[in-house]
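Input: a single structure, listed below in structure tokens.
Only the coordinates and a few stated rules stand behind these numbers; no lab work does. Here the structure is a predicted model, which is why all the values come from computation and not from measurement. Cβ: placed from backbone, ideal geometry, glycine included. Neighbour counts: every protein chain shown.
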Amino acid sequence: MRVLFVTSECAPLTKTGGLGDVSAALPAALRELGVDVRVLLPGYRAVLRAQVHAGPAAAFRVAGFDCRLLESRLPDGVPVYLLDCPPLYGREGGPYQSAEGVDWPDNALRFGVLSAAAALVAQGRGPSGWHADLLHCNDWPAALAPAYAPDCPSLLTIHNLAFQGNFAPDVLHPLGLPPELYAPERAEFYGKLSFLKAGIVCAHAIATVSPTYAAEIRTEEFGCGLHGVLERRKAELHGILNGIDTREWDPATDLRIEQNYDAGSLERKAANKAALQRRLGLAANPAVPLLGVVGRLTHQKGIDLIASAADELAALPAQLAILGKGEREHEIAVAACAARHPGRIAAAIGFNEDLAHAIEAGADVFLMPSRFEPCGLNQMYSQRYGTLPVARATGGLVDTITDGETGFLFRPAETAALVGAVRRALEVHARPAQWRALQRAAMARNFSWSAAARQYAALYRRLATPVAA
Ligand code: ADP
């Protein structure tokens, strides 16, 4: 089974979010199952500069651009093809935006060319002797590939439906796409050409990153305007839960935390709490419950609910350690909470992986009141660290947390519901033997990539096997 895995980011070469992690971990886990997965990634300037690569394995022209395919490998040995096209990818800045945070004006061309190149490589125009039995596209930047290669079995994974790649329809012509694609039942979306909708319509199957999110996105509440088309494709819409990097996130070996521990030595976790309190200027009190938050400070993540609950949470009493960056209004609100409650609430504004590990290890409870959450990673990390999550019952949070056994779920996206769930958690926290039992249950859960890889491999096999006539 040969699979071309097409993505716009792949850690450690380039990463802006969860897609970067998935693109590193899933192909590696699939190769362990014997699937010949190869990654196709744009040759961004920073990637070509940092990554050792061999000369071109293939060259072709797409949409008027000369492209070369440079062969390389990811750190764990997965083959990666870097699509070299300097006018499109040879610039400083991020994959989608300039360093100033402005979308690149030619994103439709940049990722349309990625999709078209993916179709060519899959059909055997790449390295000699290799073609793909299946195209696995990820998110809108790769979602046009099935439209370019309708006969090649294809799978589109949606990592976040909120990002759709909607562009003025005049890009159809330079991208060499058939005008018929621009129709309401195909890729037209409110006067725009939607890359993601094209993928949803044209891919042979669709996956998303948790079973609950797969059901939610067929509803108006979560569908971002695409629920109708997703509902029509529900027979081929699959929810496959992401895994996590269990080497990077293991309290027994984590070099970024004060004191390593496991389910048999949970008493050592206290040293991490003391270190976190010292580091963030929180009162050095081992008894007061410490609530941790790590994530993008956005409406999606329910940061406004945390800010509006902060006074009540502090009065419980509890301490709050918040790490994140994001929308300005939320950064200001969170900083204001910390200013009102010195020693009780600490806010670190920024992106800091060391501190993220220290919070997972040092907090007692982890808050994740997301309005929607395709899969979510932090709730899985926190269970591995015996830091029980309090989370909204949505998306991947429902699929990874068992209420009352490995964490605490609440439903309405309201401050009172969040505070109620925290109270419920703290009632258990006040009974140490019971809390320990929940911590051990959470730590015993298996969030490794192998289960996801097995499900993807089975789906690949089914899609790539011709139906007997
Ligand atoms: P999303 O992809 O929607 O942002 P996830 O929970 O799936 O949310 O993944 C977010 C990842 O980014 C997690 O690994 C989380 O720890 C990390 N992260 C988010 N914000 C920060 C931050 N400010 N500092 C360090 N790590 C962060």
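Overview of values
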| item | result |
| --- | --- |
| About the Cα centre, charge dipole magnitude for the chain (Lys/Arg +1, Asp/Glu -1 at Cβ), debye | 600 |
| q = 0.17, 0.21 Å⁻¹: log10 I(q)/I(0) that the Debye formula gives for region 204-330, counting C-alpha atoms only | -1.04, -1.18 |
| From phi via Karplus (6.51, -1.76, 1.60), per-residue ³J(HN,Hα) for region 34-47 in Hz, x at Gly/Pro | x, 7, 7, 8, 10, 9, 10, 9, x, x, 4, 4, 5, 5 |
| Average Cα contact separation per residue, the chain, under 8 Å, 6 or more apart, as relative contact order % | 12 |
| Shape of region 1-156, Cα gyration tensor, a/c cut at 1.5 | rounded |
| Excluding exposed DSSP-loop GluC sites (Glu not before Pro) (at most 10 other C-beta within 10 Å), longest clean stretch of the chain | 221-469 |
| Hull-based mean projected area of region 237-290, where the convex hull spans the alpha carbons, in square nanometres | 5.8 |
| For the chain, share of DSSP beta bridges that run antiparallel, in % to the nearest 5 | 30 |
| Interatomic Cα distance distribution for the chain, bins of 10 angstrom, percent | 4, 20, 28, 24, 16, 7, 1, 0 |
| For region 266-443, alpha-carbon Rg and Dmax in angstrom | 14.3, 42 |
| Calculated P(r) tail over 16 Å for region 352-421, as whole % of Cα pairs | 42 |
| Reciprocal mean inverse distance between Cα atoms of region 26-75 - Kirkwood radius, Å | 12.6 |
| Region 140-221 - Rg over Rh from alpha carbon coordinates, Kirkwood radius | 0.97 |
| Rounded to 10°, Cα long-axis angle of helix 353-362 versus longest principal axis of the chain | 40 |
